[in-house]
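Undergrad: I have a structure I would like to understand better, so I am pasting it below and will then ask my questions one at a time.
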Amino acid sequence: MVKAFISIISLLLCITGQSEAASPQDKYIETRDEFIRQFSTASSPQDNSDKKALSKLEKELQLIIGPVDVAHFPKRGKINLETLQQDAGFGQVDGLRFNSEHELLFVTTTGLLNAYLQQHKKLPTELGKLAKAEEFYSLVFDWDAAVTHFAEVPVRTTNDKSFAYAFLGLWAQNIGPRPPKDLFVFFANGDRVFVVSTEVRSNIDQIAECKDVWDGFKKKSDAAFAAYQASELKEQKASDDMVRYEEEGFRAYCRCFEQRAKMEPFFKQLTKQAQTLVDNLQKQLPR
């Protein structure tokens, strides 16, 4: 009886130990954070060391995320992190990046994404809200450029276990009355999340009514700038008004575009392009 009892206890301890063992995902996060700590305390981190660390993490990510085979993209992705040193480009979303001509694909797991969101409290954790968050796309694709959301593009999934969202947007470093030229697609299926940024195939021209909205605010901004110059750069309120009018004007321009987009000739082709992307992503089996 005593031997049998000891055997049972040993088996339970073995099972418990296995259940508490760190998952590949946990090991990746632990390894990544350890590299970050090492570089943060090093007197002069070397770029070569950074590249070696990223290469190690890339191999771990490829095992965690698994095979990816999306039409028009390479089958092997590169790590999405640009650097582990707290410098320009630090802090991108963990996952793999697949570059194709005029298109970018990012793939991660829900576990990796949730762990990232826990460290970035400004981002929403609900998928529906995250898919609309402009800042998220910069953290995924390009930390040095802002994404502006212009208009939602309707897409559908084949089952209620998947989630898809698409929108017409714009990559830019400065605000201004530029028509959106980029399509963004967010797709979640099972344990994986896919994000695509691609150029719009249809021709999107300036909408005159929206340009007029921008021009109205730009006149106010120019007048504020003239007042600021007349004060010999002493009137801070005039300077603040100049910036405020431009920001308000750009948002008003975007809202106008959102209201008008569905009535424009390009929207039907844009919707078809977005749905094709979602259909291609739905072919990826959930893990």
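Yes/no per residue for (1) of a type in the set (A, V, I, L, M, F, W, C); (2) open to solvent by less than 100 Å² (accessible area, probe 1.4 Å); (3) under 22 Å from residue 97 (Cα atoms); (4) modelled with pLDDT of 50 or more:
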residue	(1), (2), (3), (4)
2	yes, no, no, no
20	no, no, no, yes
27	no, no, yes, yes
38	no, yes, no, yes
43	no, no, no, yes
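Undergrad: Looking at 170, 183, 233, which one is in contact with an Asp or Glu (Cβ under 7 Å, 6 or more places away or on another chain) and aliphatic (A, V, I, L, M)?
TA: 170
Undergrad: Another question about this same structure. Determine whether the range 158-169 contains at least one residue that is at pLDDT below 95 and basic (Lys, Arg).
TA: yes
Undergrad: Filter the range 215-245 down to residues that are polar (S, T, N, Q) and more than 33 Å from the chain's Cα centre (by Cα), then give me how many there are.
TA: Count: 3.
Undergrad: Ok, one more. Quick one: residue 284 ticks every box in (1) outside any helix (DSSP H, G or I); (2) in contact with a Ser or Thr (Cβ under 6 Å, 6 or more places away or on another chain) except a single one, so which number is it?
TA: With (1) outside any helix (DSSP H, G or I); (2) in contact with a Ser or Thr (Cβ under 6 Å, 6 or more places away or on another chain) applied to residue 284, the lone miss is (2).
Undergrad: Next up: Which condition number in (1) in contact with a Leu (Cβ under 9 Å, 6 or more places away or on another chain); (2) part of a loop (DSSP other than H, G, I, E, B) is the one that residue 69 fails?
TA: Of the numbered conditions (1) in contact with a Leu (Cβ under 9 Å, 6 or more places away or on another chain); (2) part of a loop (DSSP other than H, G, I, E, B), the odd one out for residue 69 is (1).
Undergrad: Continuing with this model, one more query. For residue 231, only one of the following conditions fails: (1) modelled with pLDDT under 95; (2) closer than 29 Å to residue 144 by Cα; (3) polar (S, T, N, Q); (4) touching a helix residue (DSSP H, G or I) at 6+ places or on another chain (Cβ under 7 Å). What is its number?
TA: Status for residue 231: all satisfied but (2).
Undergrad: Return the pair list, or none, for Cβ contacts closer than 6 Å from residues in the range 46-71 that are farther than 27 Å from residue 189 by Cα and of a type in the set (Phe, Trp, Tyr) to residues that are open to solvent by 50 Å² or more (accessible area, probe 1.4 Å) and in a helix (DSSP H, G or I), at least 6 apart or on different chains.
TA: Filtered contacts from the range 46-71: no entries.
Undergrad: Could you list, in sequence order, all residues of the range 83-98 that are surrounded by fewer than 18 Cβ atoms within 10 Å (Cβ to Cβ) and either modelled with pLDDT of 95 or more or charged (D, E, K, R) (or both)?
TA: The answer is 87, and nothing else.
Undergrad: Right, another one. Are any residues in the range 157-211 of a type in the set (Lys, Arg), under 22 Å from residue 72 (Cβ atoms) and touching a helix residue (DSSP H, G or I) at 6+ places or on another chain (Cβ under 8 Å), and if so, which ones?
TA: If the condition is that a residue be of a type in the set (Lys, Arg), under 22 Å from residue 72 (Cβ atoms) and touching a helix residue (DSSP H, G or I) at 6+ places or on another chain (Cβ under 8 Å), then 192, 201 are the ones that fit.
Undergrad: Another question, then. I need the full set of residues from the range 108-122 which are in a helix (DSSP H, G or I) and not aromatic (Phe, Trp, Tyr), in order please.
TA: Once the filter is applied, which keeps residues that are in a helix (DSSP H, G or I) and not aromatic (Phe, Trp, Tyr), the range 108-122 yields 110, 111, 112, 113, 114, 115, 117, 118, 119.
Undergrad: Go through (1) at pLDDT 95 or above; (2) in contact with an Asp or Glu (Cβ under 7 Å, 6 or more places away or on another chain); (3) of a type in the set (Val, Ile, Thr) for residue 153 and report which single condition fails.
TA: Only one criterion in (1) at pLDDT 95 or above; (2) in contact with an Asp or Glu (Cβ under 7 Å, 6 or more places away or on another chain); (3) of a type in the set (Val, Ile, Thr) is unmet by residue 153, namely (2).
The values are calculated or read from the model by the stated rules, or taken from the named source; none is laboratory data. Everything quoted here is computed from the prediction, not taken from an experiment. Neighbour counts are summed over all protein chains in view; Cβ atoms, including those assigned to glycine, are modelled from backbone coordinates with ideal geometry. All accessible areas refer to the heavy atoms of the entire protein, side chains included, with ligands and DNA or RNA removed. Shrake-Rupley method; radii C 1.70, N 1.55, O 1.52, S 1.80 Å.
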